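Some notes on the structure that comes next.
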Amino acid sequence: APCHPTCATCSGPDANECLTCAADAEIVANEDDKICQCKKGFVAESQSPLKCKKAPCHPTCATCSGPGANECLTCAADAEIVANGNSKVCQCKTGFIAESQSPLKCKKIVCHPTCATCSGPDANECLTCAADAEIVANEDDKICQCKKGFVAESQSPLKCKKAPCRPTCATCSGPDANECLTCPADAEIVTNGNSKTCQCKRGFVAESKSPLKCKKAPCHPTCATCSGPDANECLSCITDADLVDKKCQCKKGFIVESQSPFKCAKAPCDPTCKTCSGPSSDECLTCIDDAEIVADGDKKKCQCKQGFFTESKNPLKCKTAVCHPSCQTCSGPGENECLTCPQDAEI
């Protein structure tokens, strides 16, 4: 008996007795029934005989495994497969929107001027930003704005430039006075938490604030050079002064002649000294003629030499001693001022 028109070969004349099928058709078995029908992705062009042709794809697909929108194999230009399990759907790529769905036709999105790339034309649909700008997200909104330390030079398109620093900063992370990164010459960063301000270094004062310009602070009148303006910040001293604990004071043997400017003068010697290291009578360095130094530890006094006696002490004046007749030599004219005695006599 001839086969059913849907069968290529058969075990009987009925449609459920197929053994093989025509091209692009396949056996679908249900218990003893074996029916031919077009394969997945094909449709019947005719039933008598069964003739299958490739099924037209869904308008969103370029090529497909079947007619459904989720059976795409490839997509149109500027669209891409989005797979979810066995489902493969075509949709426009990032930065493109559907101009039409039947067929799917994608066109490039014209982004808002503040966006570099986007998911839509609005300012809150940015995906990436221009140089020196960044996404600021708020729930579903994604807006581009200039980064910290930058300001908008233009909005259409968004163009960011480095924010001008505060006049006290050399470089900065932002426009405020507490956002300094580096400072002008002779100034330094002072940090307080996240705040970073510039101020003149120790020993310098602000000559101007806008821009910050520091100059060396005038020294205290007692200093020749200094690290700061105070009396205890001397680095060196004038002639005839010494540095003691960073303070200048007149050297031994000198006294303050004036304070502003600081000036030291040689201290007047005690009348008993010819020259001296200080004003006291025990600070003699040299003596007048007929007098000599008598040392006692660090103390050095002048007294008349042997054979001389003190005629006056202010100034020291020595004269040759005329001894008492009982003395051979003496320190004065009195009989109790003998130094040596004649032969056969003693002190």
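Number of residues in the stretch 1-47 that are touching a Cys at 6+ places or on another chain (Cβ under 6 Å) and either small (G, A, S) or over 23 Å from G66 (Cβ atoms) (or both): the value is 8.
Screening the stretch 11-23 for residues that are closer than 9 Å to C36 by Cβ and in a strand (DSSP E or B) and picking the one that is most open to solvent (accessible area, probe 1.4 Å) gives T20. All conditions in (1) loosely packed, with under 13 Cβ neighbours inside 10 Å; (2) of a type in the set (V, I, T); (3) not in a strand (DSSP E or B) hold for T168, with the sole exception of (1).
Comparison of A130, A137, A116 shows that the only residue that is out of contact with any Lys or Arg (no Cβ under 9 Å at 6 or more places or on another chain), modelled with pLDDT of 90 or more and of a type in the set (G, A, S) is A116. Among the residues of this structure, Q259 does not count as one that is modelled with pLDDT of 90 or more, open to solvent by 40 Å² or more (accessible area, probe 1.4 Å), closer than 30 Å to I238 by Cα and out of contact with any helix residue (DSSP H, G or I) (no Cβ under 9 Å at 6 or more places or on another chain). Selection of strands (runs of 3 or more DSSP E) fully inside the stretch 191-267 by the criterion of at least 1 residues being basic (K, R) and without any contact (Cβ under 8 Å) to a residue 40 or more places away in the chain returns 195-200, 212-216, 247-250, 262-266. Highlighted here are the strands (runs of 3 or more DSSP E) found entirely within the stretch 283-347 that include at least 3 residues which are buried (at least 19 other Cβ atoms within 10 Å of the Cβ): 299-304.
All told, S280 meets the bar of being part of a loop (DSSP other than H, G, I, E, B) and open to solvent by less than 80 Å² (accessible area, probe 1.4 Å).
Looking across the stretch 173-190, the residues that are among the polar types (S, T, N, Q) and without any contact (Cβ under 8 Å) to a residue 24 or more places away in the chain come down to N178, T182.
For the stretch 24-46, taking the residues that are free of Cβ contacts under 8 Å to residues at least 24 places away in the same chain and assigned to a loop (DSSP other than H, G, I, E, B), the one that is farthest from P5 (Cα to Cα) is identified as E31. Just one of the listed residues (P5, P49, P103) is in contact (Cβ under 8 Å) with a residue 12 or more places away in the chain, within 30 Å of E125 (Cβ to Cβ), out of contact with any His (no Cβ under 8 Å at 6 or more places or on another chain) and not charged (D, E, K, R), namely P103.
Residue-by-condition table, conditions (1) within 30 Å of A55 (Cβ to Cβ); (2) hydrophobic (A, V, I, L, M, F, W, C):
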| site | (1), (2) |
| --- | --- |
| Q101 | yes, no |
| C115 | no, yes |
| L127 | no, yes |
| A133 | no, yes |
| A137 | no, yes |
| K142 | no, no |
| Q145 | no, no |
| S156 | no, no |
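Number of residues in the stretch 163-172 that are touching a strand residue (DSSP E or B) at 6+ places or on another chain (Cβ under 7 Å) and free of Cβ contacts under 8 Å to residues at least 24 places away in the same chain equals 5. Filtering the stretch 55-66 to residues that are surrounded by fewer than 16 Cβ atoms within 10 Å (Cβ to Cβ) and part of a strand (DSSP E or B) leaves only T63. Every condition in (1) open to solvent by less than 70 Å² (accessible area, probe 1.4 Å); (2) modelled with pLDDT under 95; (3) farther than 30 Å from T9 by Cβ holds for C38 except the one numbered (3). The residues on offer are E179, E207, E188, and the sole one that is open to solvent by 60 Å² or more (accessible area, probe 1.4 Å), in contact with a strand residue (DSSP E or B) (Cβ under 6 Å, 6 or more places away or on another chain) and among the charged types (D, E, K, R) is E207.
The values are calculated or read from the model by the stated rules, or taken from the named source; none is laboratory data. The structure displayed is predicted, hence computed values, not measured ones. Virtual Cβ from ideal backbone geometry, glycine too; neighbours counted across all protein chains shown. When the accessible area is computed, the model is the full protein with side chains, heavy atoms only, and any ligands, DNA or RNA have been set aside. Shrake-Rupley method; radii C 1.70, N 1.55, O 1.52, S 1.80 Å.
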